[in-house]
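The values are calculated or read from the model by the stated rules, or taken from the named source; none is laboratory data. This one's a predicted model, so the numbers in the text were calculated from it and none came from an experiment. Counting neighbours? That spans all protein chains shown, and the Cβs are built from the backbone with ideal geometry, glycine included. With ligands, DNA and RNA removed, areas are computed over all heavy atoms of the protein, side chains included. Shrake-Rupley method; radii C 1.70, N 1.55, O 1.52, S 1.80 Å.
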Amino acid sequence: MPSFSGLNHFSAAGSVKFADGKKYQHIAKIIVQAIYNLLSLATTKRGYLLLKCIRRYVILDMLSGLKVHLEVTIRMFSSGLVRYKEAIQEYSEVHPEKSWNFPKNHSHQHLPSDIVGKGASKGYNSKNSEKMHGILKDIYSDQTNFKDVVAQISRIEHHRSIAKITRA
């Protein structure tokens, strides 16, 4: 298994209790290498085709997360998108009940023109602030009575922010 800098380590990726987009991205980075030998074309055609779709998706996700895009990276994304659609089509032939209709799947279709029109996606996606959800989850589970939680979380987060400023 390749080592990746800053990668979260999971005891069981299938039962992650809390995960933001970063944790799912870390799972996606290693899943292809982790299950490659299990899902060969000789073993299971459906599993192999699903792995192919996941790999194509991870490549698109990696390219979409670049901080700087050049014409060549936009072309790479566009050609990768074609290969991803082909992989989905191939998988749909053996598993027609699977729906590929989810928001990020659809947003990838518009990404090349969005990057040309607006620049790199870092400024208009939610990955940057998702890590804060962990703090709010901890406040909710550890410091509220589970009634009128919005007011309690706001008060606790306000006190936490004031303490942070005071300590600085």
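The residue list LYS104, LYS122, LYS147 contains one member that is modelled with pLDDT of 85 or more and of a type in the set (D, E, K, R), which is LYS147.
Is it true that some residue in the range 76-91 is of a type in the set (S, T, N, Q), at pLDDT 90 or above and exposed (fewer than 13 other Cβ atoms within 10 Å of the Cβ)? Please lay out each step first, then the result.
Taking the range 76-91 and keeping what is of a type in the set (S, T, N, Q), we get 78-79, 89.
When the remaining residues are screened for being at pLDDT 90 or above, the result is 78-79, 89.
So of that shortlist, the ones also exposed (fewer than 13 other Cβ atoms within 10 Å of the Cβ) come out as 79, 89.
The answer is yes; a qualifying residue exists.
Go over the candidates LYS52, LYS17, LYS22 one by one and state the one that is at pLDDT 75 or above and of a type in the set (Lys, Arg). I'd like the intermediate steps shown before the answer.
Values: LYS17 fails: at pLDDT 75 or above; LYS22 fails: at pLDDT 75 or above.
Result of the check over LYS52, LYS17, LYS22: LYS52.
When PRO112 is tested against (1) open to solvent by 80 Å² or more (accessible area, probe 1.4 Å); (2) modelled with pLDDT of 80 or more; (3) within 22 Å of LEU70 (Cα to Cα), exactly one condition is not met: (1).
Listed by first and then second residue, the pairs with beta-carbon distance under 6 Å, at least 6 apart or on different chains, first residue in the range 51-77 and closer than 15 Å to LYS104 by Cα and among the aliphatic types (A, V, I, L, M), second open to solvent by less than 60 Å² (accessible area, probe 1.4 Å) and modelled with pLDDT under 90, are VAL58/ALA28; LEU60/HIS108. Taking GLU93 as the residue in question, decide whether it is in a helix (DSSP H, G or I), over 27 Å from GLY134 (Cβ atoms) and of a type in the set (Asp, Glu). Against the criterion (in a helix (DSSP H, G or I), over 27 Å from GLY134 (Cβ atoms) and of a type in the set (Asp, Glu)), GLU93 qualifies. Looking at the range 104-115, I want the residues that are free of Cβ contacts under 8 Å to residues at least 60 places away in the same chain and have a partner that is assigned to a helix (DSSP H, G or I) and polar (S, T, N, Q) with Cβ atoms under 8 Å, at least 6 apart or on another chain. Which pairs are those? From residues that are free of Cβ contacts under 8 Å to residues at least 60 places away in the same chain, the pairs are HIS108/SER64; LEU111/SER64; LEU111/SER121; PRO112/SER78; ASP114/SER121; ILE115/SER121.
Does TYR36 meet the test of being open to solvent by 40 Å² or more (accessible area, probe 1.4 Å), touching a helix residue (DSSP H, G or I) at 6+ places or on another chain (Cβ under 9 Å) and free of Cβ contacts under 8 Å to residues at least 24 places away in the same chain? Criteria met by TYR36.
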